[in-house]
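Data first, discussion second: the structure below is written as structure tokens.
The values are calculated or read from the model by the stated rules, or taken from the named source; none is laboratory data. Everything numeric here is computed off the predicted structure, so don't read it as measured data. Methodologically, a virtual Cβ is constructed for each residue, glycine included, from the backbone with ideal geometry; neighbour enumeration extends over all protein chains shown.
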Amino acid sequence: MPEPRTFLMGKHPAELPGDLLYCKNHMWCRPGTDSVHQFGFSGYAVRLMQDVYFLEWRIEPGLITAKQEIGYIETQKATSGLYAPIAGRIVRFNAALLDDPSTINVDGYGKGWLFEFRGELTETLDVDGYYTHLEVGWEATQRILKGQVNKIEDDE
């Protein structure tokens, strides 16, 4: 099993467990038995979003296509759609998150999982591949974040 990695976002660490797979849209995948896999937000995504306080699923469990909107999320930093990382079938959503979406903030790799999925995992990355993906995009992400901070300061 690959070793866990820690991606430093400035001074802030994003933990990346080595036993998970990752998607480029910053979701993790825990491969499961019977080809049912759990998905959730990576530590990197949670760190960027900061506090998650609202979550809504826009579809019922069933077949999905890659990049299909499956839900909606509100966080301290943004309000946005949630999109399927890969094509397959959503078996079930984590209904407990509708009552307490803040679980994503405190236990993102445990009780904060988003949905269970059945399908091929060929479009996923191992922890080292995901770490490299983060490194490649980090400079652009920092520019976006700094732009948001500057916009907030300009608006005040």
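Structural remarks
- Test: residue in region 99-115 that is in contact with a helix residue (DSSP H, G or I) (Cβ under 8 Å, 6 or more places away or on another chain), of a type outside the set (S, T, N, Q), buried (at least 18 other Cβ atoms within 10 Å of the Cβ) and in a helix (DSSP H, G or I): yes
- Condition met for Glu74 (surrounded by fewer than 19 Cβ atoms within 10 Å (Cβ to Cβ) and either under 12 Å from Gly108 (Cα atoms) or modelled with pLDDT of 95 or more (or both)): no
- Answer residue from region 3-45, given it is among the acidic types (Asp, Glu) and either assigned to a strand (DSSP E or B) or on the phi < 0 side of the Ramachandran plot (or both) and is nearest to the chain's Cα centre (by Cα) among those: Glu15
- Subset of region 40-85 [closer than 18 Å to Glu120 by Cβ and out of contact with any Lys or Arg (no Cβ under 9 Å at 6 or more places or on another chain)]: Thr65, Ala66, Lys67, Gln68
- Residues (of a type outside the set (D, E, K, R) and surrounded by 14 or more Cβ atoms within 10 Å (Cβ to Cβ)) located in region 116-127: Phe117, Gly119, Leu121, Thr124, Leu125, Val127
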